[in-house]
Structure formats: C-alpha cells, structure tokens
Amino acid sequence: MSAGLWLGATLWAVASIGAASAREPTLATALDRAGAYVAEFHRQLSSLVGEETYVQDWKTVWSSHGRAGATNLEHRVTRGDLLLIKPPGADAWLGTRICRRTAASGSSRPQAACS
C-alpha cells in the first residue's frame, strides 16, 4: 500500500469515527433522557418553599321572602409563604401556608391562616 493511499485511508477512518460520535441523539433517546432526568428530580425533591399572592373578588347574592339583592363587589389580596414537604418514604406531600399580609385589613402581623 502506498503512503498516500494509507494516509487517505487513515484520514477517512478518523473522520468517520468523529462523525459517528458527533451525531445528534434521536428524538427517542432525547425523550428517554429527559424522562429519566424528571423522574430522578422528582425522587430527590423533598421540599418546596414559595411566596404566593392570592386575589379574591366577590359579592354576596341573597334572596329571602321574595326579595333579592347583592352586596357591593369586595376585594382582598393576601400574600403568604407556602411550604410543601414530602417526608422520606411518603407518597404524599404535606403543605402549609402562612399569611403575611391581608390587604383588606392592612395587617402585616403574621397569621396562622388567611380567610
């Protein structure tokens, strides 16, 4: 085999190996990897802490003795901290919410629950 032919065959072989390893994964492979990542993330996740804003708008509609009416539209905004915990070995999550502020009452004192 001549040196030129040998060099050409070697370069072709190296290029083929590089091209094979640089191929993008198939859609099925990417979906399998993504699914495995999500499953492992879900398995390891043990708690979430967040802040939420809850807006309520309502009016009371009533009827009694043939009469009906409604109150004015009322509005309330509550802000609080939300904690979700998944105890080790448990299948279910436990959650609690601590209200920090109720805009309707103007209170900034923490409350055990917001109504």
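Can you pull out every residue in the range 76-102 that is among the hydrophobic types (A, V, I, L, M, F, W, C), surrounded by 10 or more Cβ atoms within 10 Å (Cβ to Cβ) and out of contact with any Phe, Trp or Tyr (no Cβ under 6 Å at 6 or more places or on another chain)? Walk me through how you get there before you give the answer.
Start the filter on the range 76-102 by keeping residues that are among the hydrophobic types (A, V, I, L, M, F, W, C), which leaves 77, 82-85, 90, 92-94, 98-99.
Restricting the remaining residues to those that are surrounded by 10 or more Cβ atoms within 10 Å (Cβ to Cβ) gives 77, 82-85, 90, 93-94, 98-99.
Of everything in the range 76-102, those that are among the hydrophobic types (A, V, I, L, M, F, W, C), surrounded by 10 or more Cβ atoms within 10 Å (Cβ to Cβ) and out of contact with any Phe, Trp or Tyr (no Cβ under 6 Å at 6 or more places or on another chain) turn out to be Val77, Leu82, Leu83, Ile85, Ala90, Trp93, Leu94, Ile98, Cys99.
Among the residues here, Val14 does not qualify as more than 18 Å from the chain's Cα centre (by Cα) and either at pLDDT 90 or above or not in a helix (DSSP H, G or I) (or both).
Being on the phi < 0 side of the Ramachandran plot and either surrounded by 10 or more Cβ atoms within 10 Å (Cβ to Cβ) or within 18 Å of the chain's Cα centre (by Cα) (or both) is the requirement here; does Leu73 meet it? Steps first, answer last, please.
On the way: on the phi < 0 side of the Ramachandran plot: yes; either surrounded by 10 or more Cβ atoms within 10 Å (Cβ to Cβ) or within 18 Å of the chain's Cα centre (by Cα) (or both): no.
In short, no.
The values are calculated or read from the model by the stated rules, or taken from the named source; none is laboratory data. None of these values were measured; they are calculated from a predicted model. Because the Cβ atoms are built from the backbone with ideal geometry, glycine has one as well, and the counts that use them run over all protein chains shown.
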